[in-house]
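The values are calculated or read from the model by the stated rules, or taken from the named source; none is laboratory data. Source: prediction; values computed, not measured. Here the Cβ is made from the backbone with ideal geometry for all residues, glycine too, and neighbour counts use every protein chain on show. Remember, those area values only see protein heavy atoms, side chains included, never the ligands or the DNA or RNA. Shrake-Rupley method; radii C 1.70, N 1.55, O 1.52, S 1.80 Å.
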Amino acid sequence: MIQRRKTRQIQVGGVKIGGDAPVAVQSMTNTKTQDAAATLAQIRKLADLGCDIIRCAVPDMDAALALKEITARSPIPVIADIHFDYRLALQALESGVDGLRLNPGNIGGSENVRAVVEAAKPRQVPIRIGVNAGSLPKDLLEKYGHPAAEALVEAAWRHIRILEEMDYGNIKVSLKCHDVPLTLDAYRLLAGQCDYPLHVGITEAGTVHSGLIKSAVGIGTLLAEGIGDTIRVSLTGDPAEEVKAGFEILKALGLRQHGPTLISCPTCGRTSINLEKLAAQVEQRLADMPEPISVAVMGCVVNGPGEAREADVGIAGGKGEGLVFRKGEILKKVPEEELVPSLFAEIDKILEERKKSEC
């Protein structure tokens, strides 16, 4: 069992971060924040997928002002992503955001950070100090010669100390890079130096294919070591894929239960059925199901039920026919074309049984 790093607990809107709270899944809208209607539509879609917290880019004052409508109508807490101009953070706070993300490498001098803290403090709005390898202060790049883990951590501490000097501990921290080993080193280093909650991710990870792999390796490694209180899987494309991937990483480590888990064996010489097509059909039908249930799609009637005995329900394909099983126990044999319908009929039974037991 994973022993999570002990941290202080903060709260972003109604979502607890750190302490004994579950690891939260975040994403970021890719709409124009100035378009409140489009942004809210995307937030609702992501919330329906289970997204716990959403971040919105605030590139200008129009976006900061639009946050007033967005925060008022969003079903999940909203964090304002601020770069370059601290006045945008001040307006975002006026607009009612639940959290701020500041990049200490480009927000300006300590006086600007102090101005934001003074406005955030009475509102009890958490501030994430988001250090990015691509925007480290020039003096740190000169000191270390490149974006070393020590440089990222030193940049973070500069701004942590500013907040601490103002008696403000409502903080979480991120140290993001596209380089996975560098990211791991930086988080490990900081994790041993403080008890602040950490937001974990691999920034600029890439497309859905390559970005998923890098994120799973980087985020998954840190979570397995107990490091990480919120995560974002940064992908080029639809943020819905980020949320889905985030939950898959957490489910793989046993840190969250959310929606179905598909167990599907690789093909081999024993496979006598189009397993890839079968698994794709099942995965598609499971996609919108919010209930946690483990479903197996196996390619061998000889070993399939036994290999997937921990699954709630499953099917195992043979030549022109297959088996339907629950917890490794065979229920019946059906023709190939009836495998998927029979599987989902059994899933419906299981979910109905659960409802009755909860009543």
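Can you compute the helix-only [θ] at 222 nm over the chain? Use -39500 (n - 2.57) per DSSP H run of at least 4 residues, normalise by all residues, nearest 500 deg cm²/dmol.
On the way: 12 runs with 149 residues, N = 359.
Rounded to the nearest 500, the figure is -13000 deg cm²/dmol.
By accessible area, using a 1.4 Å probe on protein heavy atoms only, segment 95-158 has 49% of its surface on carbon and sulfur.
Could you tell me which of rounded, prolate or oblate describes segment 233-359, using a ≥ b ≥ c as the square roots of the eigenvalues of the alpha-carbon gyration tensor, with rounded for a/c under 1.5 and, failing that, prolate when a/b is larger than b/c and oblate otherwise? The shape class here is oblate.
With +1 on each Lys and Arg Cβ and -1 on each Asp and Glu Cβ, and nothing else charged, work out how big the dipole of segment 1-85 is about its Cα centre, in Debye to the nearest 20. Present the calculation step by step, with values, prior to reporting the outcome.
Values: 11 positive and 9 negative charges, 101 e Å.
In debye, rounded to 20, segment 1-85 gives about 480.
Listed by chain and number, the lysines placed with their C-alpha closer than 16 angstrom to that of residue 277 are 319; residues fewer than eight positions away on the same chain are left out. Computed extension length for residue 114-residue 355: 81.6 nm, one decimal, from 0.36 nm per residue of separation with the Cα-Cα distance subtracted. For the chain, the longest principal axis of the alpha carbon atoms and the long axis of helix 149-165 meet at an angle near 60°.
With only Lys, Arg, Asp and Glu charged, each at its Cβ (+1 for the first two, -1 for the last two), find how big the charge dipole of segment 132-180 is about the Cα centre; round to the nearest 20 debye. Spell out each step's value before the answer.
Details: 6 positive and 8 negative charges, 30 e Å.
Dipole size: approximately 140 debye.
When you filter the GluC sites (Glu not before Pro) in segment 99-160 for DSSP loop state and at most 11 other Cβ atoms inside 10 Å of their Cβ, nothing is left.
Solvent-accessible surface of segment 276-359, averaged per residue with a 1.4 angstrom probe and all protein chains in place: 56 square angstrom.
(1) 4, 17, 20, 13, 8, 7, 8, 8, 7, 4, 2, 1, 0; (2) 5, 22, 28, 21, 12, 8, 2, 0; (3) 6, 20, 22, 24, 18, 7, 2, 0: which one is P(r) over Cα pairs in 10 Å bins from 0, in percent as calculated from this entry? Read-out from the structure maps to (2).
Round to the nearest 0.05 the FRET efficiency obtained for residue 167 and residue 329 when R0 = 51 Å and r is the Cβ-Cβ distance. The value I calculate is 0.25.
One decimal place: the segment residue 8-residue 240 gains 80.6 nm when fully extended, by the rule 0.36 nm per residue minus the C-alpha distance. Dipole magnitude for the chain: about 460 debye, using +1 per Lys or Arg Cβ and -1 per Asp or Glu Cβ, origin at the Cα centre.
Find out how many positive minus negative residues lie around residue 139, taking Lys and Arg as positive, Asp and Glu as negative, among other residues whose Cβ is under 14 Å from that of residue 139.
0
Rolling a 1.4 Å probe over the protein heavy atoms of segment 196-339, with every protein chain left in place, gives an accessible area that is 50 percent carbon and sulfur.
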